[in-house]
Amino acid sequence: MPTTIAVTGRAEERVEPELGAVSLTVSSSSADRDRVLAAVGVAHERLLATIRELEGAGVLDSWSAAQLRVWSHRPWNDQGRQLPLVHQASADLEVVFRDLEALGEWVGTVSTTSDVTVQGVDWRLTDATRSRVQEAAQRAAVAEAVRKAAVYAEALGLGSPTPVELADHGLLEAQPIPRAHKAVAMRAMAMGVADSGPAPEFAPARLVVEASVDARFAAG
């Protein structure tokens, strides 16, 4: 009777990011509603003007701007007293750069602009590159599973293992798969930022694309 060998194969591919998505928020607050709307409107239009310049220069992949949000509330002070009404307004934007050097220069400039907050940078791959790198990681994960099965079979004095089942990691288990599970995942290494005054130099590390598979082999 053949022996069943169950293994998990894992692999990762590292690749330089191709795109950088900058998330920004334009916001202001004041007791004067008209002043808030004017401040946000001016900052928003000024920011859009620089984005259109970047788009014309060909350094962007895409950009988007959400609608302006306006709300009011009455805050409390540390003595438990409710303070006068405060009006707030904000608008979110996302600017996706294909030129990462231009990204660093632009972020260094806008981060010092009044009423503008840079929320962060999300490093990405193009769809074509992501698909290619994912496939490479998946193939490497399968090869790792085959190698492990061969080692176990040899250690047991068995013949060459024959594949019986292969699935994304977790799909051969009897219990339900956690919803958060992913057989192929991409994560970014920590982003390095060199302190160079008002214009920081962004130094993104490579993106890591991971794949894992479960496999069962029979060896006799």
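The condition of being modelled with pLDDT of 95 or more and not assigned by the TED database to the domain that holds ARG14 does not hold for ASP115. Residues of the stretch 110-124 that are of a type outside the set (S, T, N, Q) and either part of a strand (DSSP E or B) or on the phi > 0 side of the Ramachandran plot (or both): ASP115, VAL116, VAL118, GLY120, VAL121, ASP122, TRP123, ARG124. TRP106 passes every criterion in (1) under 27 Å from the mean Cα position of the chain (by Cα); (2) not assigned by the TED database to the domain that holds SER30 apart from (2). What's the number of the condition ASP99 fails, among (1) open to solvent by 50 Å² or more (accessible area, probe 1.4 Å); (2) out of contact with any Gly (no Cβ under 9 Å at 6 or more places or on another chain)? All conditions pass for ASP99, except number (2). Among the residues of the stretch 210-217, is there at least one that is at pLDDT below 95 and in contact with a Pro (Cβ under 9 Å, 6 or more places away or on another chain)? No, there is no match, as no residue in the stretch 210-217 is at pLDDT below 95 and in contact with a Pro (Cβ under 9 Å, 6 or more places away or on another chain). Return yes or no: is VAL107 of a type in the set (Val, Ile, Thr) and open to solvent by 70 Å² or more (accessible area, probe 1.4 Å)? Considered against the rule, which asks whether it is of a type in the set (Val, Ile, Thr) and open to solvent by 70 Å² or more (accessible area, probe 1.4 Å), VAL107 comes out as no. The sole residue among LEU54, LEU100, LEU85 that is farther than 18 Å from ASP122 by Cα and touching a Phe, Trp or Tyr at 6+ places or on another chain (Cβ under 9 Å) is LEU54. Among the residues making up the stretch 34-85, those that are in a strand (DSSP E or B) and either more than 20 Å from VAL116 (Cβ to Cβ) or open to solvent by 70 Å² or more (accessible area, probe 1.4 Å) (or both) are ASP61, TRP63, ARG69, TRP71, SER72, HIS73, TRP76, GLN82. Does the stretch 121-143 hold any residues that are in contact with an Asp or Glu (Cβ under 8 Å, 6 or more places away or on another chain), farther than 26 Å from PRO161 by Cβ and open to solvent by less than 40 Å² (accessible area, probe 1.4 Å), and which are they? LEU125, THR129, VAL133, listed by residue number. All conditions but one from (1) acidic (Asp, Glu); (2) open to solvent by less than 70 Å² (accessible area, probe 1.4 Å); (3) in contact with an Asp or Glu (Cβ under 9 Å, 6 or more places away or on another chain) apply to GLU12; the one that does not is (2).
The values are calculated or read from the model by the stated rules, or taken from the named source; none is laboratory data. Everything numeric in this text was worked out from a predicted model, so none of it was measured. Positions of Cβ are backbone-derived with ideal geometry, glycine not excepted, and every protein chain shown enters the neighbour counts. For accessibility, only protein heavy atoms count, side chains too; no ligands or nucleic acids. Shrake-Rupley method; radii C 1.70, N 1.55, O 1.52, S 1.80 Å.
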